1. Roughly speaking, what is the stretch gain from Arg85 to Glu31, that is 0.36 nm per residue apart minus the C-alpha to C-alpha distance, in nm to one decimal?
2. Along the charge dipole of the chain, pointing to its positive end and built from +1/-1 on Cβ of Lys, Arg, Asp and Glu, which listed residue (Leu267, Gln291, Ala277) has its Cα farthest out?
3. Compare the peptides 110-123, 205-218 by average per-residue count of other Cβ atoms within 10 angstrom and give them in order, highest first.
4. Mind checking which lysines have their Cα closer than 20 Å to the Cα of Lys130? Skip sequence neighbours fewer than 8 apart in that chain.
5. What's the ranking of 60-70, 152-162 by average number of surrounding C-beta atoms within 10 Å, highest first?
6. List the relative contact order of the chain as a percent without decimals, with contacts defined as Cα pairs under 8 Å and 6+ residues apart.
7. Can you report the principal axis dimensions of segment 170-329 using only the alpha carbons, biggest first, rounded to whole angstrom?
8. For a quick check: sort Asp59, Asp297 by the number of other beta carbons within 10 angstrom, fewest at the front.
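Please treat every number below as a calculation from the coordinates, not as lab data. Everything quoted here is computed from the prediction, not taken from an experiment. Don't worry about glycine lacking a Cβ; one is built from the backbone with ideal geometry, like all the others, and counts go over all protein chains shown.
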Amino acid sequence: MPAERTGFAMYRGTQPARRGEPSADPEPAPEPLLPDDAELDLATDEAAHVVTETLARLDAELVGLGAVKRRVREIAALLQIDRARRRFGLAASRPTMHMSFTGPPGTGKTTVALRMAEMLHALGYIRKPKVHTVTRDDLVGQFIGHTAPKTKEAIAKAAGGILFIDEAYYLFRPENERDYGQEVIEILLQEMESERTSLVVIFAGYPDRMDTFFSANPGLSSRVAHHIGFEDYSADELLQISELMVAGENFRFDDAGRTAFAEYLELRMGRPRFANARSVRNAVERCRLRQAKRLVDLGRPLTRDDLVTLRAADVRGSRVFDPAPAPAI
């Protein structure tokens, strides 16, 4: 007799609310266990379709980041298989989803966190596809008794979703024994363990500083299962990013403008405080400013082509192209 072939029930994407938090959606009835000889068709899982669409959005939004995207797909596959195992009554510990995103600024960490929230929600791991972003200032108080309420307020705002702590290493200041950041870490440790079913915490920051942060807090490191590294973009990838940004605003580079922007990137990448895609966005905005000034100064009627085209002059007006001052003699 052929094995029974079955699929998943309709995706609900909900979980019970935390104690003291109003319930969002009614909890769906548990799906019946499957017999040992059944076959489970993953293709029928509506959550899997949401995951596929989310991964496609991630590919469209972010240039490069091949290693990051592979890791995101691995996490999605882990949770899909965990769902399938539960249908057969195969008991296992719930996968830990706390994460660390390390890398330079402007490499897509926040975007990946948003897409991760959508996937975790689709797979029933968190109740809400939201990310609440905080920094040290949102968590650490200025006086005794102030830190715990601030931290718990941030956790409450993230409840059911993801708490994204940017520049997390600033929570640890060993040079100041009276710093209240350690209190934040202790509260997070407790919440990360006791609220594993309703909160995911992502720590983000520069790789070397995050290594020091986790080395000094081994209890925290042991609760972070997924460490994902984000690399600097190459010049070619940054040019692709600039063209996506420009097209998204209904502009385009002409050939000379594109060549000029490629030269701009090569020069800007070697300057201080370069922030990958963030710096590219700022550069595109300044190109638009120079284009607007150029068009107004034309003193003639404008065509659609005038309004959408960024030319070499709009790029080369940047101070990045200024010759370096001659050395003092």
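1. Answer, rounded to one decimal: 18.2 nm.
2. My answer, from the dipole projection, is Gln291.
3. Peptide ranking by packing, descending: 110-123, 205-218.
4. Within the straight-line limit of under 20 Å, Lys130 reaches these lysines: Lys69, Lys109, Lys150, Lys152, Lys157.
5. Numbers: 60-70: 15.7, 152-162: 19.4.
Order by mean packing, descending: 152-162, 60-70.
6. Details: 462 pairs, mean separation 59.7, N = 329.
Relative contact order comes out at 18 percent.
7. 66, 54, 27
8. Asp297, Asp59
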